[in-house]
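Asks: First the structure, then my questions, so here it is.
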Amino acid sequence: MAGSKPSSEKPGDSGPPTTNDETRPLIETKIDKRETYSPRKRYISRSRIQAALSGLAIGLVVALSQRSRSSNCLPESWALCTKGQNSAIYTVDPTNPTVECIVVHEKSIVDWGTKEYVKKTYGDRDTIGPPLLGKSDTQKSWALGEEVAKKGLKLKYLKDGEAAFPGFADAHAHILDYGASRELNLVGSSSVEEVRERIKTYILSKPDILNDTTIWIQTGGWDQNRFPGGTYPFAADLEADELLRGRPIVLARVDYHAYWISPKALELLGDLPQQVDGGLILERLEGYADHRLNVRSVKLFTDGALGSWGAALLEGYSDQPGNKGLMRMSKETIEEHVRRFIEDGWQVNVHCIGDRANHIVLNAFEKALSEETKKLRHRLEHAQILTQDDIKRVGQLGIIASVQPTHCTSDMSYAETRLGPERIKGAYAWQSLIRNGANFTTGSDFPVEGINPLLGFYAAVTRLDEKGESPHGPGGWFPDERLTREQALYGMTLGAAYAGHQEDIIGSLTPGKRADLVILDNDIMQVPPAEILKTNVKVTILDGTVYYGKL
């Protein structure tokens, strides 16, 4: 996080590959003090990881339980219903995709149906009172308590034009990096000078940092593709301003796969290896609290990102023919990691951008998987560039394609230049994956992209940027690969729940599941595409409790 003190741990092999040459532009690997794993090191069991994270789980539960809730308190039992023809409730349940009402009791959805059915079964406290049927026929209302049975259910209505959906879920995000970006954000910087100015503004706003040049400044968000000439910045660029000179500064590229480091930071890091073998293995936390913290999977990093020419390709980049990108693990190491973690019962989620990385990882899964271990629901994180044969294999192997629609629209200005006219056909190929049997989920990869889930929904269904433009015109970039609105909604609700082994408790507004829902002031399933990004969240409900807005 920006403004953190340097660790007392001596840097060394855990650091990035670089030299002390201040003209070196960047470091194309992750800076992370966590241990890297190799096949020779002992693998940690799920039980030990879970025990180690129990304190974190308790902390999350306590923190969330103490969050301030909306002053809009709901009764123990209530219903949400549409009003008129211009509001809607989308369940994302294929057996009943839209309903007029859902009935909530405590933390769960217990019923659904038409307004007529709900009023007949549970009554309406504000109009007809208790259910109209005899007591022997009103077991459902009595199951919600004496108050409902005697007075009727409290009905809440959507306003005209509003729509309700299952709570939106982000299947791929970086919480700690997002926190750092809130301190000092470099996203959108159009030049090296603008980056320096943003850092200067930050330093001047923090007296402790202003007066102590030893404090490390760490954040991210720059993108050399936005700079004049599209060239990488250099370490020396951070010495050009007197206020920045002599400070340890570490700036992650927008994709967090390349780092721009000041000469002082390089000096403090000491003698660093020229190459780091192996990749980071991170424990993935699915969910948030109260039976929602789900520790069952690991993440492997195999290659870099397309924007920094780090994605590992089978053939050289079209705009850098001698460069095939960066593999952060050898094929043998990947196969060993995948095999061992699957044997130990972990869901394995692998960062794969380039077609070489995807190909090697699919080979590793093919060698390691059985029909039984496919049930662990392994994932390709990004599944961004694949050969046509590997697009077919994703579905055949039962691998989940975890894709980020805004990566497509952020990359489309240069992706074909990087990949060429043929290879680009296997990039961001969402419909091709689905047609070939792959299950999928969507996310943002925040803070690499914006955290607003509607940005991803819009990108998925339009393949346009926020201005409504694309290299192929207003119809979208390779429009045949767009998701339908139903697919995009699935990806950010039930698809995300399935990818996290939580589809039995969240992901759709189905009776028996948690009452997690969001109400928007526009129906994103119906409005013109340009209206999607003008949509606002009106209400957020978690476990039947209003945490944002007023119902």
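The values are calculated or read from the model by the stated rules, or taken from the named source; none is laboratory data. On a predicted model such as this, the values are computed, not experimentally measured, just so you know. Please note: Cβ atoms are built from the backbone with ideal geometry, for glycine as well, and neighbour counts cover all protein chains shown. All accessible areas refer to the heavy atoms of the entire protein, side chains included, with ligands and DNA or RNA removed. Shrake-Rupley method; radii C 1.70, N 1.55, O 1.52, S 1.80 Å.
Asks: Considering region 282-313 alone, what residues qualify as being modelled with pLDDT under 85 and buried (at least 21 other Cβ atoms within 10 Å of the Cβ)?
Replies: Passing the criteria: only Arg292.
Asks: Quick one: which helices (runs of 4 or more DSSP H) sit completely within region 319-433 and have at least 3 residues that are modelled with pLDDT of 95 or more and closer than 30 Å to Gly475 by Cα? Working first, answer last.
Replies: Details: elements: 331-343, 355-368, 388-396, 405-411, 415-423.
In region 319-433, the matching helices (runs of 4 or more DSSP H) lie at 388-396, 405-411, 415-423.
Asks: Could you grab me the full set of residues in region 234-243 that are crowded, with 20+ Cβ neighbours inside 10 Å and under 18 Å from Thr201 (Cβ atoms)?
Replies: Leu238
Asks: Can you spot a residue in region 487-504 that is open to solvent by 40 Å² or more (accessible area, probe 1.4 Å), under 27 Å from Tyr414 (Cα atoms) and among the aliphatic types (A, V, I, L, M)?
Replies: So far as region 487-504 goes, no, none of its residues is open to solvent by 40 Å² or more (accessible area, probe 1.4 Å), under 27 Å from Tyr414 (Cα atoms) and among the aliphatic types (A, V, I, L, M).
Asks: Next question. Give me the pairs: first residue in region 429-449 and more than 16 Å from Leu380 (Cβ to Cβ), second residue open to solvent by 10 Å² or more (accessible area, probe 1.4 Å) and in a strand (DSSP E or B), beta-carbon distance under 9 Å, and six or more apart or on different chains, which are they?
Replies: From residues that are more than 16 Å from Leu380 (Cβ to Cβ), the pairs are Pro447/Asn185.
Asks: Please work out if Ser141 is part of a helix (DSSP H, G or I), more than 24 Å from Thr493 (Cβ to Cβ), open to solvent by less than 50 Å² (accessible area, probe 1.4 Å) and without any contact (Cβ under 8 Å) to a residue 40 or more places away in the chain.
Replies: yes
Asks: I need a count of the residues in region 86-130 that are open to solvent by 60 Å² or more (accessible area, probe 1.4 Å), part of a loop (DSSP other than H, G, I, E, B) and within 21 Å of Glu146 (Cα to Cα).
Replies: Result for region 86-130: 6.
Asks: If Ala149 satisfies all but one of (1) outside any loop (DSSP other than H, G, I, E, B); (2) without any contact (Cβ under 8 Å) to a residue 40 or more places away in the chain; (3) open to solvent by 40 Å² or more (accessible area, probe 1.4 Å), what's the number of the condition it fails?
Replies: Among (1) outside any loop (DSSP other than H, G, I, E, B); (2) without any contact (Cβ under 8 Å) to a residue 40 or more places away in the chain; (3) open to solvent by 40 Å² or more (accessible area, probe 1.4 Å), Ala149 violates only (3).
Asks: Yes or no: Glu469 acidic (Asp, Glu), open to solvent by 10 Å² or more (accessible area, probe 1.4 Å) and either farther than 26 Å from Leu186 by Cα or at pLDDT below 95 (or both)?
Replies: no
Asks: Criterion first (within 16 Å of Ile400 (Cβ to Cβ) and open to solvent by 20 Å² or more (accessible area, probe 1.4 Å)) does Asn452 satisfy it?
Replies: Details: within 16 Å of Ile400 (Cβ to Cβ): no; open to solvent by 20 Å² or more (accessible area, probe 1.4 Å): yes.
No: the conditions fail for Asn452.
Asks: Condition first: basic (Lys, Arg) and either in contact with a Cys (Cβ under 6 Å, 6 or more places away or on another chain) or open to solvent by 60 Å² or more (accessible area, probe 1.4 Å) (or both). Now tell me which residues in region 505-551 satisfy that.
Replies: Selection gives Lys534, Lys538, Lys550.
Asks: Here's another thing I want to ask about it. Does Arg226 satisfy the condition of being closer than 30 Å to Lys538 by Cβ and without any contact (Cβ under 8 Å) to a residue 40 or more places away in the chain?
Replies: On the way: closer than 30 Å to Lys538 by Cβ: no; without any contact (Cβ under 8 Å) to a residue 40 or more places away in the chain: yes.
So Arg226 does not fit the description; no.
Asks: Among the residues of region 434-444, which ones are assigned to a loop (DSSP other than H, G, I, E, B) and hydroxyl-bearing (Ser, Thr, Tyr)? Spell out the reasoning first.
Replies: In the first step, residues of region 434-444 are kept if they are assigned to a loop (DSSP other than H, G, I, E, B); the result is 436-438, 443-444.
Selection gives Ser444 alone.
Asks: Now a separate question. Pull out all pairs, ordered by first then second residue, where Cβ-Cβ is under 9 Å, the residues are six or more apart or on different chains, the first lies in region 454-482 and is free of Cβ contacts under 8 Å to residues at least 24 places away in the same chain, and the second is buried (at least 22 other Cβ atoms within 10 Å of the Cβ) and of a type in the set (A, V, I, L, M).
Replies: His472/Met412; Pro474/Leu464; Gly475/Leu464; Gly476/Val461; Gly476/Leu464
Asks: Checking the structure you have, find out if any residue of region 353-364 is open to solvent by 40 Å² or more (accessible area, probe 1.4 Å), of a type in the set (Asp, Glu) and over 17 Å from Ala488 (Cβ atoms). Walk me through how you get there before you give the answer.
Replies: To start, the set of residues in region 353-364 that are open to solvent by 40 Å² or more (accessible area, probe 1.4 Å) comprises 356, 359, 363.
Filter once more, keeping what is of a type in the set (Asp, Glu): none.
The answer is no; no qualifying residue exists.
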